[in-house]
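> I'd like to ask you about the structure that follows.
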Amino acid sequence: MTLVVLSIIVVLLTAAFAFLFYRLASRLDRTIGAAEWLGRFSLECYAPMERLLDPADFAFVEKQPGCSRELVRRLRSERREAFVGYLGLLVRDFNQLLRIGRVMQIGSSVDRLEFARALWRQQVRFYLAVCLVWCKVAILPWSVRVDGRNLVASLTRMFGEVRELAVHRNGA
C-alpha cells in the first residue's frame, strides 16, 4: 500500500513540475524583435531585487520609534509583491535570451552541440531555482530567507552565453 501512495505522490510531483516548467517556458514577449530587445537589455534593472526581502531592512524599520507590527507586516507584504513582480520579469527576460540563443544557434553555420547542452542545463537550473524561490516567497511570513542573487546571476550567465554566441556568429 505504501508503494502505491509513494508512486502516486511521485507522479503528482512530476506532473506539477512539468506544468510549472511549461508555464515558466511560455512567458515570452514575442512582439519585440530579438536584435532590438538585446540591444536595450540591461541587467541593472534587477539590482533592487537582490535586497527587496533583506531581513536587515525589516529589522531596521522595527527599531524605529513609532513602528507598529502592522506597518512591518504591510512593508513585508508590499516588498514580497514587488519581488514577485521582478521575478515575473526575470523569467520573461530569461526566456527571451533563451529564444535568442536558440535562434542564433539554428542560424549558425557551425554545429554548436555543447552550446545547446549548456542552454538546456541553464534552463533547467533556472526554472528549478525559480520554483524554489516561489515556494520560499509563499512561506516568507515565517521568516524564510529569500535571495534573488542566484537568479540574477543565472540571467547574467545566460546573457553572457548569448552575447558570446553573437560575437562568434558575427566574427565567423
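> Using a Förster radius of 30 Å, what is the FRET efficiency between Leu75 and Cys135 based on their Cβ-Cβ separation? Nearest 0.05, please.
Plugging the Cβ-Cβ distance into 1/(1 + (r/R0)^6) gives 0.85.
> Take peptides 36-42, 96-102 and line them up by average Cβ neighbours within 10 Å, highest first, as a rough protection proxy. All intermediate terms of the calculation are to be shown ahead of the outcome.
Numbers: 36-42: 11.7, 96-102: 20.6.
Peptide ranking by packing, descending: 96-102, 36-42.
> Pull out the extension gain between Ala16 and Leu89, defined as 0.36 nm times the separation in residues minus the alpha carbon to alpha carbon distance; nm, one decimal.
Working it through step by step, the gained length comes to 24.1 nm.
Throughout, read-outs are computed from the coordinates displayed, never taken from laboratory work. Everything numeric in this text was worked out from a predicted model, so none of it was measured. Neighbour counts are summed over all protein chains in view; Cβ atoms, including those assigned to glycine, are modelled from backbone coordinates with ideal geometry.
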